[in-house]
């Protein structure tokens, strides 16, 4: 398996990124990135997977036809992933969906194979918890739009992470590749990256994944840029390093075989101590880069 997919490597059909269980060599997690011209429309069948349509840039209309009828959701979206929290739409399995954008844009379709068919729903930007994790140069922002315990899905877990330039996130390195009830869950994970440019110069960062034990030998040290993807079937993942002067964004998509939809992780024993130092340092003053909008009355 090729775990680092530079921009364009995972292109297929209408998708700038198309990662499926078949192409990734695993069983559950999927990611598509759809780019639409102004007035463009894309139709797709959800088949055996549930999906969240998340605007990365621009807004769109999501129309869903399933056994309960037709549902239409207007997504305001955002200018870019560095400009604000986005609303989103949940599309259940066994449905037909369409994404239409009057002004064009780029849209992530985060997916997971599942068994239950939940109702199609709209997720408002105002309902997305914005969390700050870590302190000092380990500070980062997490937009928990599709986190377990935040938004109901059958198997899918999806969040956004924003790391200020010069900081490390996904640190301490952690893993979720063993079934240990109450302590660790098995989750396949996809990282999709974008970077803030500086005076027209594109950004970049680095992603590390290291083997976590016999049979869990994923080993990656990749320079990542806009549109790159890293696949993590197993292993210690982290740090994700943003070079100075360029904020890093990544979209995490996770799913696994467990009956419980939960993000349970194990920290690398050599680096877990770093958490104990966070209480003595302040959160990076650049964070949050933005907050979720207020709920309307």
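Residue 53 passes every criterion in (1) at pLDDT below 95; (2) closer than 26 Å to residue 126 by Cα apart from (1). It is to be established whether one or more residues within the stretch 24-44 are surrounded by 14 or more Cβ atoms within 10 Å (Cβ to Cβ), part of a strand (DSSP E or B) and free of Cβ contacts under 8 Å to residues at least 60 places away in the same chain. Scanning the stretch 24-44, I find at least one residue that is surrounded by 14 or more Cβ atoms within 10 Å (Cβ to Cβ), part of a strand (DSSP E or B) and free of Cβ contacts under 8 Å to residues at least 60 places away in the same chain, so the answer is yes. The single condition among (1) touching a strand residue (DSSP E or B) at 6+ places or on another chain (Cβ under 7 Å); (2) under 23 Å from residue 165 (Cα atoms); (3) in contact (Cβ under 8 Å) with a residue 60 or more places away in the chain that residue 196 does not satisfy is (1).
There is no residue in the stretch 255-263 that is surrounded by fewer than 14 Cβ atoms within 10 Å (Cβ to Cβ) and within 22 Å of residue 4 (Cβ to Cβ). Selection of the stretch 170-188 for residues being buried (at least 24 other Cβ atoms within 10 Å of the Cβ) and either modelled with pLDDT under 95 or not in a loop (DSSP other than H, G, I, E, B) (or both) yields 175, 188.
Scanning the stretch 195-219 for residues that are over 21 Å from residue 108 (Cα atoms), buried (at least 20 other Cβ atoms within 10 Å of the Cβ) and within 20 Å of the chain's Cα centre (by Cα) yields 208, 209, 218. Restricting 132, 162 to those that are in contact with a strand residue (DSSP E or B) (Cβ under 7 Å, 6 or more places away or on another chain), surrounded by 24 or more Cβ atoms within 10 Å (Cβ to Cβ) and either under 24 Å from residue 291 (Cα atoms) or at pLDDT 95 or above (or both) reduces the list to 162. Close Cβ contacts (under 9 Å, 6 or more residues apart or on different chains) running from residues in the stretch 210-225 that are at negative phi and in contact (Cβ under 8 Å) with a residue 60 or more places away in the chain to residues that are assigned to a strand (DSSP E or B) and exposed (fewer than 12 other Cβ atoms within 10 Å of the Cβ) are absent.
Scanning for something buried (at least 18 other Cβ atoms within 10 Å of the Cβ), more than 18 Å from the chain's Cα centre (by Cα) and either within 17 Å of residue 93 (Cα to Cα) or free of Cβ contacts under 8 Å to residues at least 40 places away in the same chain (or both), does the stretch 46-61 turn up at least one residue? So far as the stretch 46-61 goes, yes, one or more of its residues are buried (at least 18 other Cβ atoms within 10 Å of the Cβ), more than 18 Å from the chain's Cα centre (by Cα) and either within 17 Å of residue 93 (Cα to Cα) or free of Cβ contacts under 8 Å to residues at least 40 places away in the same chain (or both).
The values are calculated or read from the model by the stated rules, or taken from the named source; none is laboratory data. Owing to the predicted nature of the structure, the values given are computational and were not obtained by experimental measurement. Every residue, glycine among them, receives a Cβ derived from its backbone with ideal geometry; neighbour counts consider all protein chains shown.
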